[in-house]
Amino acid sequence: MRTIVSRLINSRSSVSRLSAITASGNGRYLSTDSNKVDEPLKVEEAETVNVPPPPSEKLLVLGGNGFVGSHICREALDRGLTVASLSRSGRSSLRDSWANNVIWHQGNLLSSDSWKEALDGVTAVISCVGGFGSNSYMYKINGTANINAIRAASEKGVKRFVYISAADFGVANYLLQGYYEGKRAAETELLTRYPYGGVILRPGFIYGTRTVGGMKLPLGVIGSPMEMVNSLCFLYELH
């Protein structure tokens with residue numbers, strides 16, 4: 001490309017062959033190649049082409065009516081995204097005005113027939129799905145449910161998938177074996193299906209004030225001491 005441009009710049013003969021066109025008042029034009037006055041130019045009206053606007057980004061939040069998911073939905077709306085949520089309970093009980101702008105889907109990730117239509121038009125997915133209980137239940141909710149979502153999104157052609165996992169906490173890994181084994185299984189599936197468009201987040205214990213109905217639950221009362229205990233256990237293991 002540089003060679004071609006250089007030749008064009010340094011070639012005097014190229015310039016001499018270019019025709020300079022000057023419009024006259026009566027609609028005729030003069031060409032420097034000859035002194036002859038040519039016929040008037042015929043100008044045709046250009047055809048109007050309707051170009052569709054670029055597609056908007058649509059985000060599907062799995063577990064969007066939960067504590068973390070609801071914050072993600074609100075933040076995404078503030079950034080101008082089209083936001084949908086999928087959860088077993090469907091529409092959130094939140095009474096905030098922003099909740100009216102979310103597309104609420106009800107479905108169960110363990111039953112593919114109940115929710116796959118929620119992926120229509122989706123360009124990115126963020127999964128906040130997780131839960132506690134027996135080891136088998138925790139593996140099913142944290143692992144199998146998310147694996148199903150990752151596979152379905154990949155088959156649907158969704159470009160990006162973000163999975164909110166959990167950081168290792170030493171002793172907690174043994175006490176909540178099904179929870180962490182499920183999380184790690186989902187991470188493995190994500191790395192397989194989305195080697196370039198997948199993101200795994202491993203935050204610590206997430207807490208804050210959650211509103212359920214008209215009542216506020218200060219999760220920090222439990223979260224702060226729990227985080228401190230986990231940190232002390234981690235430091236003990238380092239020694």
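The values are calculated or read from the model by the stated rules, or taken from the named source; none is laboratory data. Since we're looking at a predicted model, the values are computed, not measured. So basically every Cβ, Gly included, is an ideal-geometry build from the backbone, and we count neighbours across all protein chains shown. Areas reflect the complete protein model, heavy atoms only, side chains present, ligands, DNA and RNA absent. Shrake-Rupley method; radii C 1.70, N 1.55, O 1.52, S 1.80 Å.
Scanning region 98-115 for residues that are open to solvent by less than 90 Å² (accessible area, probe 1.4 Å) and in a helix (DSSP H, G or I) returns 98, 99, 112, 114. Selection of region 77-90 for residues being part of a loop (DSSP other than H, G, I, E, B) and farther than 24 Å from residue 142 by Cβ yields 79, 80, 81. Count of region 159-183 residues, restricted to those that are crowded, with 17+ Cβ neighbours inside 10 Å and of a type outside the set (Ser, Thr, Tyr), is 11. Is one or more of the residues making up region 144-158 crowded, with 17+ Cβ neighbours inside 10 Å, of a type in the set (Ser, Thr, Tyr) and in contact with a Leu (Cβ under 6 Å, 6 or more places away or on another chain)? The answer is no; no qualifying residue exists.
When the residues of region 188-205 are filtered to those that are farther than 11 Å from residue 161 by Cβ and at pLDDT 95 or above, the one that is surrounded by the fewest Cβ atoms within 10 Å (Cβ to Cβ) is 192. When we screen 145, 149 for residues that are in a helix (DSSP H, G or I), small (Gly, Ala, Ser) and touching a residue at least 60 places away in the same chain (Cβ under 8 Å), the only hit is 149. For region 70-85, the count of residues that are closer than 20 Å to residue 144 by Cβ and out of contact with any Lys or Arg (no Cβ under 6 Å at 6 or more places or on another chain) is zero. The requirement of being loosely packed, with under 14 Cβ neighbours inside 10 Å and either among the basic types (Lys, Arg) or in a helix (DSSP H, G or I) (or both) is fulfilled somewhere in region 117-129, by at least one residue.
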